[in-house]
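> Would you mind keeping the following structure in view while I ask a few things?
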Amino acid sequence: METERQHAGSLESRNAPIEIEPEQWREMGHRLVDRIADWMGDMPNGPVTPGESPRQVRDALQAERPLPLSGSDPSRLLDEAASFLFDHSLFIGHPRFYGFITSSPAPIGALADLLAASVNPNVGGFVLSPAATEIERQTVRWVAELLGYPPECGGLLVSGGNVANFVGFLAARRAKAPWDVRTEGIAAGQKRLRVYTSAETHTWVQKAADLFGLGTDAIRWIGTDGEGRMDTAALQKQIEADRAAGDLPFIVVGTGGSVSTGAIDPLPEIAAIAREHDMWFHVDGAYGGFAAALPDAPADLKGLSLADSVAIDPHKWLYAPLEAGCALVRDPRALHDTFTFHPPYYHMEEYEEDPAVNFHEWGPQNSRGFRALKVWLALQQVGREGYERMLSDDISLARKMFEYAAQEPELEPLTCALSIATFRYVPPDVTPGTPESEEYLNSLNAELCERLQTGGEAFVSNAVIGGKFAL
(Lines give C-alpha, C1' and ligand atoms only; values in the text may rest on other atoms or scores of the structure.)
Protein backbone atom coordinates (compact mmCIF):
# COMPACT_ATOMS: atom_id res chain seq x y z
CA MET A 1 0.00 0.00 0.00
CA GLU A 2 2.85 2.37 0.85
CA THR A 3 4.46 1.75 -2.55
CA GLU A 4 1.14 2.44 -4.30
CA ARG A 5 0.73 5.72 -2.41
CA GLN A 6 4.26 6.77 -3.32
CA HIS A 7 3.59 5.95 -6.98
CA ALA A 8 0.30 7.87 -6.96
CA GLY A 9 2.07 10.86 -5.42
CA SER A 10 4.73 10.81 -8.12
CA LEU A 11 2.05 10.80 -10.81
CA GLU A 12 0.33 13.80 -9.22
CA SER A 13 3.55 15.77 -9.68
CA ARG A 14 4.62 14.06 -12.89
CA ASN A 15 7.32 15.88 -14.88
CA ALA A 16 7.11 14.47 -18.41
CA PRO A 17 10.30 14.88 -20.49
CA ILE A 18 8.28 16.32 -23.39
CA GLU A 19 7.00 19.28 -21.37
CA ILE A 20 8.32 22.82 -21.85
CA GLU A 21 7.39 25.50 -19.36
CA PRO A 22 5.41 28.44 -20.79
CA GLU A 23 8.17 31.01 -20.23
CA GLN A 24 10.81 28.86 -21.92
CA TRP A 25 8.39 28.07 -24.76
CA ARG A 26 7.73 31.79 -25.21
CA GLU A 27 11.44 32.55 -25.36
CA MET A 28 12.05 29.71 -27.85
CA GLY A 29 9.15 30.85 -30.01
CA HIS A 30 10.25 34.48 -30.07
CA ARG A 31 13.79 33.46 -30.98
CA LEU A 32 12.58 31.15 -33.76
CA VAL A 33 10.23 33.74 -35.24
CA ASP A 34 13.07 36.27 -35.24
CA ARG A 35 15.34 33.82 -37.04
CA ILE A 36 12.66 32.97 -39.61
CA ALA A 37 11.92 36.66 -40.22
CA ASP A 38 15.64 37.40 -40.74
CA TRP A 39 15.94 34.40 -43.06
CA MET A 40 12.88 35.44 -45.07
CA GLY A 41 14.44 38.85 -45.61
CA ASP A 42 17.87 37.49 -46.61
CA MET A 43 16.81 34.38 -48.55
CA PRO A 44 16.09 36.13 -51.90
CA ASN A 45 19.70 37.35 -52.05
CA GLY A 46 21.17 33.86 -51.77
CA PRO A 47 21.01 30.72 -53.90
CA VAL A 48 17.75 28.90 -54.59
CA THR A 49 19.39 25.68 -53.39
CA PRO A 50 22.82 24.55 -52.24
CA GLY A 51 22.58 21.81 -54.87
CA GLU A 52 23.94 19.14 -52.56
CA SER A 53 23.92 15.42 -53.24
CA PRO A 54 21.93 13.06 -50.99
CA ARG A 55 25.21 11.94 -49.43
CA GLN A 56 26.21 15.49 -48.57
CA VAL A 57 22.87 16.13 -46.88
CA ARG A 58 23.03 12.84 -44.98
CA ASP A 59 26.57 13.63 -43.81
CA ALA A 60 25.50 17.07 -42.57
CA LEU A 61 22.62 15.43 -40.71
CA GLN A 62 24.88 12.69 -39.32
CA ALA A 63 22.18 10.38 -40.60
CA GLU A 64 23.78 7.18 -39.34
CA ARG A 65 23.91 8.20 -35.67
CA PRO A 66 21.75 6.08 -33.32
CA LEU A 67 18.68 7.31 -31.50
CA PRO A 68 19.85 9.38 -28.47
CA LEU A 69 19.54 7.58 -25.14
CA SER A 70 19.08 10.77 -23.13
CA GLY A 71 17.23 13.95 -23.98
CA SER A 72 18.71 17.32 -24.95
CA ASP A 73 17.96 20.98 -24.40
CA PRO A 74 14.97 21.89 -26.63
CA SER A 75 16.21 25.46 -27.26
CA ARG A 76 19.47 24.18 -28.69
CA LEU A 77 17.67 21.51 -30.73
CA LEU A 78 15.34 24.07 -32.28
CA ASP A 79 18.26 26.35 -33.16
CA GLU A 80 20.15 23.46 -34.73
CA ALA A 81 17.10 22.34 -36.71
CA ALA A 82 16.56 25.85 -38.08
CA SER A 83 20.22 26.11 -39.10
CA PHE A 84 20.12 22.72 -40.79
CA LEU A 85 17.01 23.61 -42.80
CA PHE A 86 18.27 27.07 -43.77
CA ASP A 87 21.62 25.64 -44.90
CA HIS A 88 20.52 22.51 -46.75
CA SER A 89 17.07 23.16 -48.28
CA LEU A 90 15.73 24.16 -51.65
CA PHE A 91 13.63 27.29 -51.15
CA ILE A 92 10.30 27.13 -52.94
CA GLY A 93 9.61 30.71 -51.83
CA HIS A 94 12.74 32.03 -53.57
CA PRO A 95 11.99 34.59 -56.33
CA ARG A 96 14.05 32.54 -58.80
CA PHE A 97 12.29 29.25 -58.10
CA TYR A 98 10.43 28.66 -61.37
CA GLY A 99 9.96 24.91 -61.15
CA PHE A 100 7.01 22.60 -60.76
CA ILE A 101 3.61 23.74 -59.50
CA THR A 102 4.28 24.62 -55.88
CA SER A 103 3.73 28.17 -54.67
CA SER A 104 5.57 30.40 -52.28
CA PRO A 105 4.09 29.86 -48.80
CA ALA A 106 1.89 32.64 -47.47
CA PRO A 107 3.44 34.05 -44.26
CA ILE A 108 0.06 34.03 -42.54
CA GLY A 109 -0.17 30.33 -43.38
CA ALA A 110 3.06 29.60 -41.51
CA LEU A 111 1.70 31.29 -38.41
CA ALA A 112 -1.64 29.55 -38.91
CA ASP A 113 0.08 26.16 -38.86
CA LEU A 114 1.70 27.07 -35.52
CA LEU A 115 -1.68 28.08 -34.10
CA ALA A 116 -3.42 24.99 -35.50
CA ALA A 117 -0.77 22.65 -34.10
CA SER A 118 -0.91 24.34 -30.71
CA VAL A 119 -4.68 23.88 -30.34
CA ASN A 120 -4.33 20.48 -32.07
CA PRO A 121 -7.99 19.67 -32.83
CA ASN A 122 -8.77 16.31 -34.40
CA VAL A 123 -10.96 17.46 -37.28
CA GLY A 124 -12.44 14.01 -37.79
CA GLY A 125 -15.40 14.58 -35.50
CA PHE A 126 -17.25 17.68 -34.41
CA VAL A 127 -17.08 16.76 -30.74
CA LEU A 128 -13.26 16.80 -30.99
CA SER A 129 -13.06 19.98 -33.08
CA PRO A 130 -16.14 22.21 -32.94
CA ALA A 131 -14.40 25.44 -33.98
CA ALA A 132 -12.09 23.78 -36.51
CA THR A 133 -14.95 21.83 -38.10
CA GLU A 134 -16.98 24.96 -38.74
CA ILE A 135 -13.92 26.81 -40.05
CA GLU A 136 -13.28 23.97 -42.50
CA ARG A 137 -16.91 23.97 -43.63
CA GLN A 138 -16.72 27.71 -44.28
CA THR A 139 -13.38 27.33 -46.06
CA VAL A 140 -14.82 24.71 -48.41
CA ARG A 141 -17.76 26.97 -49.17
CA TRP A 142 -15.48 29.94 -49.88
CA VAL A 143 -13.26 27.86 -52.17
CA ALA A 144 -16.35 26.72 -54.10
CA GLU A 145 -17.56 30.34 -54.38
CA LEU A 146 -14.17 31.44 -55.69
CA LEU A 147 -14.30 28.78 -58.42
CA GLY A 148 -17.91 29.44 -59.38
CA TYR A 149 -18.86 25.97 -58.10
CA PRO A 150 -22.13 25.43 -56.18
CA PRO A 151 -21.33 26.55 -52.60
CA GLU A 152 -23.83 24.05 -51.17
CA CYS A 153 -21.60 21.21 -52.39
CA GLY A 154 -19.92 18.70 -50.13
CA GLY A 155 -16.20 18.91 -49.60
CA LEU A 156 -13.22 18.72 -47.29
CA LEU A 157 -9.55 19.58 -47.03
CA VAL A 158 -7.07 16.79 -47.84
CA SER A 159 -3.32 16.48 -48.27
CA GLY A 160 -3.12 17.47 -51.93
CA GLY A 161 -4.15 16.81 -55.50
CA ASN A 162 -3.72 13.04 -55.45
CA VAL A 163 -6.08 12.52 -52.52
CA ALA A 164 -8.52 15.21 -53.69
CA ASN A 165 -8.77 13.39 -57.01
CA PHE A 166 -9.09 10.05 -55.21
CA VAL A 167 -12.09 11.39 -53.31
CA GLY A 168 -13.87 12.30 -56.54
CA PHE A 169 -12.91 8.97 -58.11
CA LEU A 170 -14.31 6.98 -55.19
CA ALA A 171 -17.51 9.02 -55.12
CA ALA A 172 -17.93 8.27 -58.84
CA ARG A 173 -17.32 4.55 -58.33
CA ARG A 174 -19.90 4.42 -55.55
CA ALA A 175 -22.48 6.45 -57.47
CA LYS A 176 -22.16 4.80 -60.89
CA ALA A 177 -21.45 1.12 -60.15
CA PRO A 178 -24.88 -0.57 -60.46
CA TRP A 179 -24.11 -2.94 -57.58
CA ASP A 180 -23.06 -2.41 -53.96
CA VAL A 181 -19.39 -1.90 -54.68
CA ARG A 182 -18.57 -1.04 -51.06
CA THR A 183 -19.84 -4.38 -49.80
CA GLU A 184 -19.23 -6.69 -52.73
CA GLY A 185 -16.15 -5.15 -54.30
CA ILE A 186 -15.21 -4.59 -57.92
CA ALA A 187 -15.15 -8.30 -58.74
CA ALA A 188 -18.91 -8.59 -58.17
CA GLY A 189 -19.71 -6.54 -61.26
CA GLN A 190 -20.74 -8.18 -64.50
CA LYS A 191 -19.23 -5.33 -66.54
CA ARG A 192 -15.76 -3.85 -66.45
CA LEU A 193 -15.66 -0.28 -65.16
CA ARG A 194 -13.91 2.11 -67.54
CA VAL A 195 -12.14 5.41 -66.87
CA TYR A 196 -11.62 8.07 -69.57
CA THR A 197 -8.95 10.71 -69.44
CA SER A 198 -6.37 12.37 -71.65
CA ALA A 199 -2.71 11.58 -71.99
CA GLU A 200 -1.97 14.90 -70.23
CA THR A 201 -3.67 13.87 -66.99
CA HIS A 202 -1.50 13.67 -63.87
CA THR A 203 -0.41 10.19 -62.75
CA TRP A 204 -2.94 10.21 -59.91
CA VAL A 205 -5.40 8.47 -62.25
CA GLN A 206 -3.11 5.44 -62.56
CA LYS A 207 -2.71 5.31 -58.79
CA ALA A 208 -6.49 5.49 -58.35
CA ALA A 209 -7.19 2.70 -60.85
CA ASP A 210 -4.56 0.57 -59.11
CA LEU A 211 -5.44 1.31 -55.49
CA PHE A 212 -9.21 1.06 -55.91
CA GLY A 213 -9.35 -2.27 -57.66
CA LEU A 214 -9.96 -1.40 -61.32
CA GLY A 215 -6.44 -2.00 -62.59
CA THR A 216 -4.61 0.44 -64.86
CA ASP A 217 -5.89 -1.39 -67.96
CA ALA A 218 -9.30 0.07 -67.11
CA ILE A 219 -8.05 3.51 -68.17
CA ARG A 220 -8.86 4.69 -71.69
CA TRP A 221 -6.25 7.26 -72.68
CA ILE A 222 -7.88 9.73 -75.03
CA GLY A 223 -5.71 11.59 -77.52
CA THR A 224 -5.13 15.33 -77.48
CA ASP A 225 -4.95 18.10 -80.04
CA GLY A 226 -1.93 20.27 -80.79
CA GLU A 227 -2.56 22.30 -77.63
CA GLY A 228 -2.72 19.27 -75.32
CA ARG A 229 -6.53 19.38 -75.01
CA MET A 230 -8.67 16.24 -74.96
CA ASP A 231 -10.10 15.18 -78.33
CA THR A 232 -13.83 14.99 -77.56
CA ALA A 233 -14.66 13.21 -80.82
CA ALA A 234 -12.21 10.46 -79.87
CA LEU A 235 -13.76 10.38 -76.37
CA GLN A 236 -17.26 9.89 -77.76
CA LYS A 237 -16.09 7.17 -80.11
CA GLN A 238 -14.25 5.25 -77.38
CA ILE A 239 -17.20 5.37 -74.97
CA GLU A 240 -19.56 4.06 -77.65
CA ALA A 241 -17.15 1.28 -78.57
CA ASP A 242 -16.76 0.20 -74.94
CA ARG A 243 -20.50 0.17 -74.34
CA ALA A 244 -20.94 -1.98 -77.44
CA ALA A 245 -18.29 -4.36 -76.05
CA GLY A 246 -20.23 -4.74 -72.78
CA ASP A 247 -18.07 -2.50 -70.59
CA LEU A 248 -19.39 0.15 -68.19
CA PRO A 249 -17.98 3.66 -68.73
CA PHE A 250 -18.44 5.35 -65.35
CA ILE A 251 -16.13 8.38 -65.11
CA VAL A 252 -14.53 10.87 -67.46
CA VAL A 253 -11.75 13.08 -66.11
CA GLY A 254 -11.19 16.53 -67.55
CA THR A 255 -8.09 18.57 -66.84
CA GLY A 256 -8.38 22.17 -65.71
CA GLY A 257 -4.80 23.18 -66.35
CA SER A 258 -2.21 20.45 -66.93
CA VAL A 259 0.95 20.56 -64.86
CA SER A 260 3.19 20.38 -67.91
CA THR A 261 1.80 23.16 -70.08
CA GLY A 262 -1.34 24.56 -68.42
CA ALA A 263 -3.57 23.00 -71.08
CA ILE A 264 -7.32 23.15 -70.37
CA ASP A 265 -9.62 20.47 -71.73
CA PRO A 266 -12.92 21.51 -73.39
CA LEU A 267 -14.77 20.98 -70.13
CA PRO A 268 -18.29 22.04 -71.29
CA GLU A 269 -18.12 19.55 -74.17
CA ILE A 270 -16.89 16.80 -71.89
CA ALA A 271 -19.68 17.58 -69.43
CA ALA A 272 -22.26 17.16 -72.19
CA ILE A 273 -20.81 13.80 -73.24
CA ALA A 274 -20.79 12.62 -69.62
CA ARG A 275 -24.45 13.56 -69.22
CA GLU A 276 -25.36 11.81 -72.47
CA HIS A 277 -23.85 8.55 -71.23
CA ASP A 278 -24.88 8.88 -67.55
CA MET A 279 -21.24 9.11 -66.47
CA TRP A 280 -19.61 10.95 -63.59
CA PHE A 281 -17.73 14.07 -64.73
CA HIS A 282 -14.67 14.84 -62.62
CA VAL A 283 -12.29 17.77 -63.14
CA ASP A 284 -8.68 17.70 -62.03
CA GLY A 285 -8.25 21.40 -61.38
CA ALA A 286 -5.55 20.91 -58.77
CA TYR A 287 -3.26 23.43 -60.45
CA GLY A 288 -5.27 25.59 -62.82
CA GLY A 289 -8.74 25.47 -61.34
CA PHE A 290 -8.38 28.67 -59.32
CA ALA A 291 -7.92 30.65 -62.54
CA ALA A 292 -11.66 30.10 -63.05
CA ALA A 293 -12.06 32.91 -60.52
CA LEU A 294 -10.72 35.46 -63.03
CA PRO A 295 -13.29 37.59 -64.85
CA ASP A 296 -11.54 36.83 -68.14
CA ALA A 297 -11.04 33.11 -67.47
CA PRO A 298 -11.37 30.88 -70.53
CA ALA A 299 -14.89 29.53 -71.03
CA ASP A 300 -13.45 26.02 -71.08
CA LEU A 301 -12.07 26.47 -67.56
CA LYS A 302 -15.29 27.97 -66.23
CA GLY A 303 -16.88 24.69 -67.36
CA LEU A 304 -15.55 23.08 -64.18
CA SER A 305 -18.74 24.43 -62.57
CA LEU A 306 -20.55 21.64 -64.45
CA ALA A 307 -18.53 18.84 -62.86
CA ASP A 308 -19.84 16.26 -60.41
CA SER A 309 -16.57 16.64 -58.50
CA VAL A 310 -13.51 18.86 -58.59
CA ALA A 311 -10.02 18.50 -57.13
CA ILE A 312 -8.30 21.78 -56.27
CA ASP A 313 -5.10 22.60 -54.38
CA PRO A 314 -4.91 25.69 -52.17
CA HIS A 315 -1.21 24.89 -51.70
CA LYS A 316 -0.74 25.65 -55.37
CA TRP A 317 -2.50 28.83 -56.50
CA LEU A 318 -3.80 30.07 -53.16
CA TYR A 319 -0.21 30.06 -51.80
CA ALA A 320 -1.05 27.99 -48.73
CA PRO A 321 1.91 26.19 -47.14
CA LEU A 322 1.93 22.46 -47.77
CA GLU A 323 -0.26 20.47 -47.26
CA ALA A 324 -3.62 21.78 -48.43
CA GLY A 325 -5.72 20.08 -51.10
CA CYS A 326 -9.49 20.32 -51.42
CA ALA A 327 -12.11 17.93 -52.83
CA LEU A 328 -15.51 19.27 -53.87
CA VAL A 329 -18.50 17.05 -54.73
CA ARG A 330 -21.64 18.62 -56.16
CA ASP A 331 -24.06 16.35 -54.26
CA PRO A 332 -23.04 16.20 -50.58
CA ARG A 333 -25.05 12.99 -50.18
CA ALA A 334 -22.87 11.25 -52.78
CA LEU A 335 -19.74 12.20 -50.83
CA HIS A 336 -21.18 11.15 -47.48
CA ASP A 337 -22.49 7.88 -48.91
CA THR A 338 -19.01 7.03 -50.18
CA PHE A 339 -17.20 7.27 -46.86
CA THR A 340 -19.58 6.93 -43.92
CA PHE A 341 -19.19 4.02 -41.52
CA HIS A 342 -20.28 3.81 -37.89
CA PRO A 343 -17.86 1.82 -35.71
CA PRO A 344 -19.05 1.25 -32.12
CA TYR A 345 -16.33 3.46 -30.60
CA TYR A 346 -17.76 6.52 -32.42
CA HIS A 347 -20.64 8.12 -30.56
CA MET A 348 -21.01 11.47 -32.29
CA GLU A 349 -24.74 11.89 -32.90
CA GLU A 350 -25.56 14.19 -30.00
CA TYR A 351 -27.11 16.99 -32.06
CA GLU A 352 -30.09 15.47 -33.83
CA GLU A 353 -31.96 18.76 -34.17
CA ASP A 354 -28.80 20.55 -35.35
CA PRO A 355 -26.71 17.78 -36.93
CA ALA A 356 -22.97 18.24 -36.87
CA VAL A 357 -20.58 17.48 -39.70
CA ASN A 358 -18.14 14.74 -38.77
CA PHE A 359 -15.47 14.83 -41.45
CA HIS A 360 -14.47 11.20 -40.88
CA GLU A 361 -17.72 10.45 -42.75
CA TRP A 362 -16.75 12.65 -45.70
CA GLY A 363 -13.28 11.40 -46.59
CA PRO A 364 -10.66 8.69 -46.15
CA GLN A 365 -9.15 9.91 -42.85
CA ASN A 366 -10.42 9.48 -39.32
CA SER A 367 -7.78 11.50 -37.50
CA ARG A 368 -7.37 14.76 -39.39
CA GLY A 369 -5.21 17.80 -38.81
CA PHE A 370 -6.46 21.37 -38.97
CA ARG A 371 -5.40 22.14 -42.56
CA ALA A 372 -8.21 24.60 -43.16
CA LEU A 373 -6.97 27.34 -40.81
CA LYS A 374 -4.14 28.57 -43.07
CA VAL A 375 -6.45 28.64 -46.10
CA TRP A 376 -9.27 30.32 -44.18
CA LEU A 377 -7.03 33.09 -42.84
CA ALA A 378 -5.39 33.76 -46.23
CA LEU A 379 -8.76 33.97 -47.98
CA GLN A 380 -9.72 36.69 -45.52
CA GLN A 381 -6.38 38.50 -45.63
CA VAL A 382 -6.33 38.62 -49.45
CA GLY A 383 -10.00 38.52 -50.47
CA ARG A 384 -11.37 37.68 -53.91
CA GLU A 385 -9.99 40.84 -55.49
CA GLY A 386 -6.51 40.21 -54.11
CA TYR A 387 -6.42 36.66 -55.44
CA GLU A 388 -7.69 37.81 -58.83
CA ARG A 389 -4.83 40.32 -58.96
CA MET A 390 -2.17 37.79 -57.92
CA LEU A 391 -3.36 35.13 -60.34
CA SER A 392 -3.45 37.68 -63.15
CA ASP A 393 0.07 38.80 -62.25
CA ASP A 394 1.35 35.22 -62.39
CA ILE A 395 -0.21 34.70 -65.81
CA SER A 396 1.29 37.97 -67.06
CA LEU A 397 4.73 37.00 -65.74
CA ALA A 398 4.58 33.70 -67.62
CA ARG A 399 3.68 35.54 -70.81
CA LYS A 400 6.58 37.93 -70.23
CA MET A 401 8.97 35.00 -69.80
CA PHE A 402 7.61 33.49 -73.01
CA GLU A 403 8.16 36.81 -74.83
CA TYR A 404 11.72 37.02 -73.52
CA ALA A 405 12.38 33.48 -74.75
CA ALA A 406 11.03 34.43 -78.19
CA GLN A 407 13.47 37.36 -78.34
CA GLU A 408 16.50 35.17 -77.63
CA PRO A 409 18.03 33.66 -80.81
CA GLU A 410 19.18 30.54 -78.93
CA LEU A 411 15.83 29.85 -77.20
CA GLU A 412 12.86 28.26 -78.94
CA PRO A 413 9.51 29.21 -77.35
CA LEU A 414 7.06 26.29 -77.28
CA THR A 415 3.90 26.90 -75.23
CA CYS A 416 2.36 29.44 -72.89
CA ALA A 417 -0.88 28.83 -70.97
CA LEU A 418 -2.04 30.00 -67.56
CA SER A 419 1.15 30.59 -65.54
CA ILE A 420 3.36 28.11 -67.43
CA ALA A 421 5.78 29.04 -70.21
CA THR A 422 7.91 26.40 -71.94
CA PHE A 423 10.91 26.77 -74.21
CA ARG A 424 14.16 25.00 -75.02
CA TYR A 425 17.76 25.89 -75.75
CA VAL A 426 18.84 25.47 -79.38
CA PRO A 427 22.52 26.25 -80.07
CA PRO A 428 23.14 28.33 -83.21
CA ASP A 429 25.01 25.49 -84.92
CA VAL A 430 22.10 23.01 -84.57
CA THR A 431 19.19 22.84 -87.01
CA PRO A 432 16.13 21.28 -85.33
CA GLY A 433 13.89 18.77 -87.05
CA THR A 434 16.00 15.77 -87.92
CA PRO A 435 15.90 12.69 -85.67
CA GLU A 436 19.57 13.16 -84.85
CA SER A 437 19.28 16.83 -83.94
CA GLU A 438 16.13 16.26 -81.88
CA GLU A 439 17.80 13.49 -79.91
CA TYR A 440 20.78 15.77 -79.29
CA LEU A 441 18.58 18.71 -78.26
CA ASN A 442 16.62 16.53 -75.85
CA SER A 443 19.76 15.30 -74.11
CA LEU A 444 21.26 18.80 -74.12
CA ASN A 445 18.20 20.39 -72.53
CA ALA A 446 17.89 17.56 -70.00
CA GLU A 447 21.48 18.22 -68.96
CA LEU A 448 20.82 21.95 -68.86
CA CYS A 449 17.76 21.38 -66.65
CA GLU A 450 19.78 19.27 -64.22
CA ARG A 451 22.58 21.84 -64.03
CA LEU A 452 20.11 24.64 -63.42
CA GLN A 453 18.41 22.65 -60.67
CA THR A 454 21.66 22.09 -58.80
CA GLY A 455 23.45 25.35 -59.65
CA GLY A 456 21.49 27.52 -57.23
CA GLU A 457 21.07 30.59 -59.47
CA ALA A 458 17.60 29.63 -60.73
CA PHE A 459 15.45 26.52 -60.65
CA VAL A 460 13.33 25.26 -63.54
CA SER A 461 11.49 22.01 -64.15
CA ASN A 462 10.66 20.33 -67.45
CA ALA A 463 7.92 19.22 -69.78
CA VAL A 464 7.92 16.96 -72.83
CA ILE A 465 5.95 18.52 -75.68
CA GLY A 466 5.54 16.64 -78.92
CA GLY A 467 8.63 14.63 -78.10
CA LYS A 468 10.67 17.75 -77.29
CA PHE A 469 12.29 18.04 -73.86
CA ALA A 470 11.39 21.55 -72.74
CA LEU A 471 12.31 23.80 -69.83
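> Which shape class, rounded, prolate or oblate, goes with the range 204-361 when its Cα gyration tensor gives a ≥ b ≥ c as root eigenvalues, a/c under 1.5 marks rounded, and past that a/b bigger than b/c marks prolate?
Here the range 204-361 falls in the oblate category.
> Quick one: Cα centre-to-centre distance for the range 174-215 and the range 131-163, in angstrom?
25
> Say R0 is 41 Å: what FRET efficiency, to the nearest 0.05, do residue 118 and residue 333 get from their beta-carbon distance?
Details: r = 35 Å, r/R0 = 0.86.
Here the calculated transfer efficiency is 0.70.
> How much length, in nm to one decimal, is gained on full extension between residue 296 and residue 145, taken as 0.36 nm per residue of separation minus their Cα-Cα distance?
Length difference between fully extended and current span is 52.7 nm.
> Fully extended, how many nm does the chain gain between residue 389 and residue 16 (0.36 nm per residue separation, minus their Cα-Cα distance)?
Here the segment from residue 389 to residue 16 would lengthen by 129.3 nm.
> Dipole size in debye (nearest 20) for the range 329-456 around its Cα centre, Lys and Arg Cβ +1, Asp and Glu Cβ -1?
Once rounded to the nearest 20, the dipole reads 320 debye.
> Would you mind checking which residues have amide H under 5 Å from residue 220's amide H? H placed 1.01 Å from N; only 5 or more apart, or other chain.
Amide H neighbours of residue 220: 195, 196, 197.
> Pull out a ≥ b ≥ c, the square roots of the eigenvalues of the alpha-carbon gyration tensor of the range 1-147, then state rounded if a/c is under 1.5, prolate if not and a/b is larger than b/c, and oblate in the remaining case.
oblate
> Applying 1/(1 + (r/R0)^6) with R0 = 35 Å to the Cβ-Cβ distance of residue 27 and residue 443, what FRET efficiency is obtained, to the nearest 0.05? It would help to have the intermediate numbers written out before the result.
Numbers: r = 54 Å, r/R0 = 1.55.
For R0 = 35 Å, the calculated efficiency reads 0.05.
> For the chain, return all DSSP H helices satisfying: extent of Cα atoms along own axis at least 20 Å; mean Kyte-Doolittle hydropathy at least 0.0.
Helix filter hits for the chain: 161-176.
> Okay, next question. Starting from the Cα-Cα distance between residue 430 and residue 61, subtract it from 0.36 nm times their residue separation and give me the gain in nm to one decimal.
Fully extending the segment from residue 430 to residue 61 adds 128.4 nm.
> Considering only protein heavy atoms and a 1.4 Å probe, what is the carbon-and-sulfur percentage of the accessible area of the chain?
54
> Just from its helices, what would the mean residue ellipticity at 222 nm be for the chain, if runs of 4 or more DSSP H residues each count -39500 (n - 2.57) and the sum is divided by every residue, rounded to the nearest 500 deg cm²/dmol? Intermediate values should be presented prior to the final figure.
Details: 16 runs with 210 residues, N = 471.
Using -39500 (n - 2.57) per qualifying helix, the result is -14000 deg cm²/dmol.
> Could you tell me the accessible area of residue 457 in Å² (1.4 Å probe, neighbours in place), rounded to the nearest ten?
Estimated to the nearest 10 Å², residue 457 gives 140 Å².
> In addition: For the range 186-231, just say rounded, prolate or oblate: build the C-alpha gyration tensor, square-root its eigenvalues into a ≥ b ≥ c, call rounded for a/c under 1.5, and beyond that prolate if a/b exceeds b/c, oblate if not.
oblate
> Pull up the cross-link candidates among the lysines for residue 400, meaning alpha carbon to alpha carbon under 29 Å and not fewer than 8 places away within one chain.
302, 316, 468
> Quick check: with the 1.4 Å probe, what order do 34, 231 take by accessible area, largest first?
From most exposed to least exposed: 34, 231.
> Which FRET efficiency value, to the nearest 0.05, do you get for residue 87 and residue 212 by plugging their Cβ-Cβ distance into 1/(1 + (r/R0)^6) with R0 = 56 Å?
The pair residue 87/residue 212 has a calculated efficiency of 0.85.
> Could you please put 152, 412 in sequence from largest to smallest accessible area, using a 1.4 Å probe? Mind dumping the intermediate values first?
On the way: 152 125, 412 45 Å².
These residues rank, largest area first, as 152, 412.
> Now for a separate question. Considering only protein heavy atoms, what per residue accessible area in square angstrom results for the chain with a 1.4 angstrom probe?
Accessible surface, normalised per residue, equals 52 Å².
> Using a 1.4 Å probe and counting only protein heavy atoms, arrange 368, 65 so the residue with the most accessible area comes first.
Most to least solvent-accessible, the answer reads 65, 368.
> Rounded to whole Å and sorted largest first, list the principal axis extents of the Cα atoms in the range 121-169.
Here the spans come out as 30, 22, 13 Å, largest first.
The values are calculated or read from the model by the stated rules, or taken from the named source; none is laboratory data. None of these values were measured; they are calculated from a predicted model. We place every Cβ from the backbone using ideal geometry, glycine too, and count neighbours over all the protein chains shown. Accessible surface areas use protein heavy atoms only, side chains included; no ligands, DNA or RNA. Shrake-Rupley method; radii C 1.70, N 1.55, O 1.52, S 1.80 Å.
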